[in-house]
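Throughout, read-outs are computed from the coordinates displayed, never taken from laboratory work. It should be emphasised that the depicted structure is a prediction, and the values quoted were computed from it without experimental measurement. A quick note on method: Cβ atoms are made from the backbone with ideal geometry, for glycine too, and the neighbour counts reach across all protein chains shown.
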Amino acid sequence: MSITHKIGRRKTSVARVYLKPGSGEITVNGKAAADYFSTDVMVYKVNQPFLLTETVGQYDVKVNVFGGGNTGQAEAIRLGISRALCDINAEFRLLLKPEGLLTRDARMVERKKPGQKKARKKFQFSKR
């Protein structure tokens with residue numbers, strides 16, 4: 001079996017995921033996932049597709065991720081892994097779809113408007 005390549009996105013983060021059969025090693029930007037992400041919650045998010053499909057330790061994952069913050073990057077990787085697993089085995093889709101792991105979260109930061117302090121916040125109004 002060859003390498004499966006998929007892309008996951010979240011906010012401004014973009015993750016390129018390369019999945020191949022192996023020993024379950026997850027590498028993010030040249031580091032182990034546990035070293036790259038500071039908290040266990042983020043490592044759990046990255047491993048979530050494998051836990052749901054019961055394929056922990058069956059695939060090696062190499063990820064190049066850039067943009068955004070820690071949470072956005074972790075969720076972008078999760079989406080990329082989920083898409084790659086569905087590409088390998090179509091039956092995994094039935095397990096991942098109800099959990100929301102195949103849905104691209106389209107929420108982005110709203111842009112700042114001219115004449116305002118932030119996207120929605122205005123400068124203080126003075127009547128006189």
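See the values below:
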read-out	value
Listed values (1) 72, 31, 24; (2) 52, 34, 24; (3) 57, 34, 26, entry calculated as Cα extents along the principal axes in Å	(1)
Net charge dipole size for the stretch 4-96 [Lys, Arg +1 and Asp, Glu -1 on Cβ; Debye, nearest 20]	420
Relative contact order (percent, whole number), the stretch 3-43, Cα cutoff 8 Å, 6+ residue spacing	25
Which listed pairs, of LYS11/LYS118; LYS31/LYS97; LYS11/LYS97, have C-alpha distances above 26 Å, in listed order	LYS31/LYS97
Contact order normalised by residue count of the stretch 4-96, Cα under 8 Å, 6+ apart, percent	43
Most fluctuating residue given options LYS112, LYS31, LYS45, as computed from a GNM of the chain linking Cα atoms under 10 Å	LYS112
Listed residues GLY67, GLY115, GLY22, most fluctuating in the chain (Gaussian network, C-alpha, under 10 Å)	GLY115
Integer Hz, Karplus 6.51/-1.76/1.60 couplings in order for the stretch 92-105, x for Gly and Pro	5, 4, 5, 8, 7, 4, x, 7, x, 7, 9, 8, 6, 6
Amide H contacts under 5 Å for THR27, placed H, 5+ residues apart	VAL61, LYS62, VAL63
GNM top mover of ILE77, ILE26, ILE88 - the chain, alpha-carbon springs below 10 Å	ILE88
Relative exposure of ASP87, ASP40, judged by other C-beta atoms within 10 Å (fewest first)	ASP40, ASP87
